[in-house]
Amino acid sequence: MTTRFLYIYDPLCGWCYGASAGIATLAAQGDLTVEPMPRGLFAGKGARTLDGAMSDHIMASDQRIATVTGAVFGASYHERIAGSASLTLDSGPATLALSAVARTAPMRELEALGIIQRARYVDGRDITDAFVLIDLLVSAGLDAAAVTLANPAPGLREENRSRLEQAQTVMRRFGVSGVPALFRIDGDRISPIDAAILYHNPLSLVRSQGVA
């Protein structure tokens, strides 16, 4: 039986960006699958305007994330965060884009998440902008997802909403509030795992779970 992991994320979560290399390493193992699902942490009512206090908080968090995980934050990104008091932290558009990928090329959702994360955290691009997201999808050869996002197919928003609700239901069940969140699925059984291991040695997670 193939070992399955559920990975819950938000595209505007810095710690999820810090976990991106680890989750990619885990997903590359041929004897398991990683099933991504968005949390919607900064979507809908969770969206907020980036004021000075929030900017300072993010900058401090980024420094800690870089130290703990080795993730690289680009100068263009820091200039956008430090130099603007009017940006919006809204992961709704990027989450919808990733649901479009899940609908049209489900095996590439993690790849698309990584592309979107790097566009923000390295290149400083505004991933709350649908046109930026469409451009990223087209550049990655995800044309069907780009078309789906540009002209939302019937049911896409409902599928997106359902994915958010499923992720939130799992997290509530185990009392998990933050992302990234990682769970192992064994048949009908699901068990939470400390996602911090993704920052250091995800392959030790594979061994500790008896996968390899």
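Here, each number is a calculation from the coordinates, and none is a lab measurement. Just so it is clear, the model here is predicted, and its values are computed rather than measured. No Cβ is skipped: glycine too gets one built from the backbone with ideal geometry, and neighbour counts run over all protein chains shown.
Out of Gln168, Leu137, Gln117, whose Cα points farthest toward the positive end of the dipole of region 116-178 (charges: +1 Lys, Arg; -1 Asp, Glu; placed on Cβ)?
Gln168
Roughly what % antiparallel, to the nearest 5, for the DSSP beta bridges in region 3-208?
On the way: 12 of 19 bridges.
Approximately 65 percent, going by the DSSP bridge assignments.
Testing the spin-label approximation: label points 7 Å from Cα along Cα→Cβ at Thr33 and Asp51. State their distance in nm.
Inter-label distance under the simple model: 4.5 nm.
Counting Lys and Arg as +1 and Asp and Glu as -1, each charge on the Cβ, what is the dipole of the chain about the Cα centre in debye, to the nearest 20?
Numbers: 19 positive and 21 negative charges, 92 e Å.
Computed about the Cα centre, the dipole is about 440 debye.
Arranged by the count of other C-beta atoms within 10 angstrom, fewest first, what order do His78, His57 take? Working shown, then result.
Numbers: His78 15, His57 12.
Ordered by Cβ neighbours within 10 Å, fewest first: His57, His78.
If you average the sequence gap of Cα pairs under 8 Å that are 6 or more apart and divide by the length of region 3-208, what percent do you get for the contact order?
Working: 310 pairs, mean separation 63.9, N = 206.
After rounding, I find 31 percent.
Using θ = phi - 60° and the Karplus form 6.51 cos²θ - 1.76 cosθ + 1.60, what ³J(HN,Hα) does each residue of region 131-146 get, whole Hz, x for Gly and Pro?
5, 5, 5, 4, 4, 5, 5, 5, 4, 8, x, 9, 4, 5, 5, 4
Calculate, for Asp129 and Ser191, the FRET efficiency according to 1/(1 + (r/R0)^6) with r their C-beta to C-beta distance and R0 30 Å; round to the nearest 0.05.
Details: r = 38 Å, r/R0 = 1.27.
With R0 = 30 Å, the Cβ-Cβ based efficiency is 0.20.
With charges only on Cβ, +1 for K and R and -1 for D and E, what is the dipole size of region 1-124 about its Cα centre, in debye, rounded to 20?
Numbers: 10 positive and 11 negative charges, 39 e Å.
It works out to roughly 180 debye.
Report, by chain and number, residues whose modeled amide H sits under 5 Å from the one on Leu6, excluding near sequence neighbours (fewer than 5 apart, same chain).
Counting only residues 5 or more places away or on other chains, the set is Glu35, Phe183, Arg184, Ile185.
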